[in-house]
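The block underneath contains the structure these notes are about, expressed in structure tokens.
Since every read-out is calculated from the coordinates, none of them should be taken as a lab result. All of these numbers come straight from a predicted model, not from anything done at the bench. Backbone-built Cβ (ideal geometry, glycine too); neighbour counts: all protein chains shown.
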Ligand SMILES: [Fe+2]
Ligand SMILES: [Fe+2]
């Protein structure tokens, strides 16, 4: 389990894993994250899980560990470079997205200023976050169809409510069990490994 406070160590593991894929374009993506984004310090959410500095980075590594373990548990094979890419980059669109804001909160009967994470920035284009991550990654290199499926459906039943989405998800879960396990790895990380900070 990776803790958000181990930011430097987590960053080293993250960079080494992505470089190990040797995917053409990965160096440019890493340079972009380093110089143009807050990826390494960003939270993973506003108030649900790892809502703290370094939370997003730690979340991606937790998903990587859980995904590898679930694949091994079920004997499902997936190329290591694909495991690394989907786990570490599935929430990449959350960089440059959250901001710290000051709010008034009553603590023990007294109003005090507290810092809270907010995502009030507008989303452009207004697409679901899984798809925004795919678009961001593909500015640097092509994803394989299997990688794209894992990232697109990583919210499982929470990714859409319409009839078509439900039908496609059933087919994906049946035909691409690695995608179902990836959604499960994201859930395990969120609810079993990560904390919510008040
Ligand atoms: Fe996500
Ligand atoms: Fe996630």
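Under a 10 Å cutoff between Cα atoms, tell me which one of 177, 43, 125 has the largest fluctuation in the Gaussian network model of the chain.
Among 177, 43, 125, the largest GNM mean-square fluctuation belongs to 125.
Report the gain in length on full extension from residue 37 to residue 102: 0.36 nm times residue separation, minus Cα-Cα distance, nm rounded to one decimal. Don't skip to the answer; put the middle values down first.
Numbers: separation 65, 0.36 × 65 = 23.40 nm, distance 2.19 nm.
Result: 21.2 nm gained on full extension.
Out of 159, 55, 75, any idea which swings most in a Gaussian network model of the chain, alpha carbons joined below 10 Å?
75
Mean separation of Cα pairs under 8 Å and 6+ residues apart, divided by the residue count of the chain: what relative contact order is that in percent? Don't jump to the answer; show the numbers that get you there.
Numbers: 292 pairs, mean separation 49.3, N = 198.
Reported as a whole number, the value is 25 percent.
If every alpha-carbon in the chain counts as one equal scatterer, what log10 I(q)/I(0) does Debye give at q = 0.16 1/Å?
Each listed q corresponds, in turn, to -1.05.
Could you tell me the relative contact order of the stretch 130-198? Use alpha-carbon pairs under 8 Å, at least six residues apart, and round to a whole percent. Please list the in-between numbers first.
Working: 42 pairs, mean separation 20.6, N = 69.
Reported relative contact order: 30 percent.
If I model a spin label as a point 7 Å beyond the Cα along the Cα-Cβ vector, how far apart are those points for residue 127 and residue 113 in nm?
Label-label distance for residue 127 and residue 113, simple model: 3.9 nm.
Order of 130-137, 23-30, 83-90 by packing, highest average Cβ count within 10 Å first?
Descending packing order for the listed peptides: 83-90, 130-137, 23-30.
Which log10 I(q)/I(0) values does the stretch 109-198 give at q = 0.12, 0.19, 0.23, 0.26 Å⁻¹ under the Debye formula, counting every alpha carbon as one identical point scatterer?
At q = 0.12, 0.19, 0.23, 0.26 Å⁻¹ the computed log10 ratios are -0.51, -1.03, -1.25, -1.32.
Given the C-alpha centroids of the stretch 134-198 and the stretch 2-17, what is the distance between them in whole angstrom?
With the stretch 134-198 and the stretch 2-17 each reduced to a Cα centre, they are spaced 23 Å.
In degrees from 0 to 90, rounded to the nearest 10, what is the angle of the helix 7-20 Cα long axis to the longest principal axis of the chain?
20
Springs between alpha-carbon atoms under 10 Å, Gaussian network over the chain: tell me which of 119, 69, 104 tops the mean-square fluctuations.
Its mean-square fluctuation being the largest, the pick is 104.
Which value in deg cm²/dmol, rounded to the nearest 500, describes the helix-derived mean residue ellipticity at 222 nm for the chain, given -39,500 (n - 2.57) per DSSP H run of n ≥ 4 and division by the residue count? Before the final figure, lay out the partial values.
Working: 8 runs with 97 residues, N = 198.
Rounded to the nearest 500, the figure is -15000 deg cm²/dmol.
According to the Kirkwood expression over distinct Cα-Cα pairs, how big is the hydrodynamic radius of the stretch 1-91, in Å?
Values: mean 1/r = 0.0740 Å⁻¹.
The Cα-based Kirkwood calculation yields 13.5 Å.
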